[in-house]
């Protein structure tokens with residue numbers, strides 16, 4: 001009777017699992033825009049991509065120099081400082097240099113003059129050149145505090161850009177630190193799940209042998225098999241969590257794009 005109860009429970013779990021699998025397949029088809037009847041070939045989940053080389057501190061330094069958000073904040077700070085330097089150069093004198101050279105020889109006019117002259121005329125004419133320099137010096141006598149407030153605005157923009165860069169860099173380091181810790185945890189959990197799976201398979205095999213020689217009941221065999229199946233499920237989840245942790249760590253560093261972050265997971 002206990003065996004029959006276990007059988008009915010297992011059958012019920014199987015029906016639910018089959019429905020979940022079908023729902024997941026339809027959701028995947030809907031996500032990629034394919035017909036709901038599309039059948040998929042699922043790859044092996046035995047992949048175990050390696051973690052990026054380096055300690056957490058090393059990866060944080062890489063992220064501080066590679067992530068697009070950090071680079072954008074750094075460029076904003078450079079632009080704010082350049083604007084501040086422009087304010088200082090507004091009162092400096094400016095110079096404009098121009099020059100020209102050439103001659104005014106006209107082949108058409110030379111032919112006409114040669115035809116009217118009884119003697120040969122020399123070809124060409126004297127050249128000319130010109131160089132000029134214009135210097136401008138501007139000194140605002142009354143600007144109603146415009147330059148003063150412009151300088152204050154430029155200084156405030158520099159301060160805001162410095163704060164933004166500091167916060168963005170700190171956020172990048174935080175992302176890498178947490179992603180690195182999650183990847184290390186997923187690695188440990190994956191190793192434990194592999195041992196759990198191996199022991200579960202061995203326990204189920206021993207239970208079958210014990211049942212054959214009459215040491216245990218069939219319900220005990222079912223219980224051992226359910227434990228083994230649960231261990232296999234834990235192993236699958238651990239592998240998925242490990243892959244997700246590795247991808248998140250790669251993305252947080254900033255040296256991987258959307259393609260290279262998952263290139264070895266196909």
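The values are calculated or read from the model by the stated rules, or taken from the named source; none is laboratory data. Computed from a predicted structure; not experimentally measured. Counting neighbours? That spans all protein chains shown, and the Cβs are built from the backbone with ideal geometry, glycine included.
Table for the structure above
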{"read-out": "Which listed residue, of 185, 227, is farther than 25 Å from residue 12 by Cβ and surrounded by fewer than 17 Cβ atoms within 10 Å (Cβ to Cβ)", "value": "185"}
{"read-out": "Test: residue in the range 167-184 that is within 30 Å of residue 92 (Cα to Cα), part of a helix (DSSP H, G or I) and in the same structural domain as residue 240 (by TED's automatic domain parsing)", "value": "no"}
{"read-out": "Helices (runs of 4 or more DSSP H) (entirely within the range 1-120) containing at least 1 residues that are at pLDDT 85 or above and surrounded by 11 or more Cβ atoms within 10 Å (Cβ to Cβ)", "value": "2-32, 56-66, 68-89"}
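Let's see how each residue does on (1) in contact (Cβ under 8 Å) with a residue 60 or more places away in the chain; (2) touching a strand residue (DSSP E or B) at 6+ places or on another chain (Cβ under 9 Å); (3) more than 30 Å from residue 74 (Cβ to Cβ):
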residue	(1), (2), (3)
166	no, no, no
180	yes, no, no
205	no, no, yes
248	yes, no, no
262	no, no, no
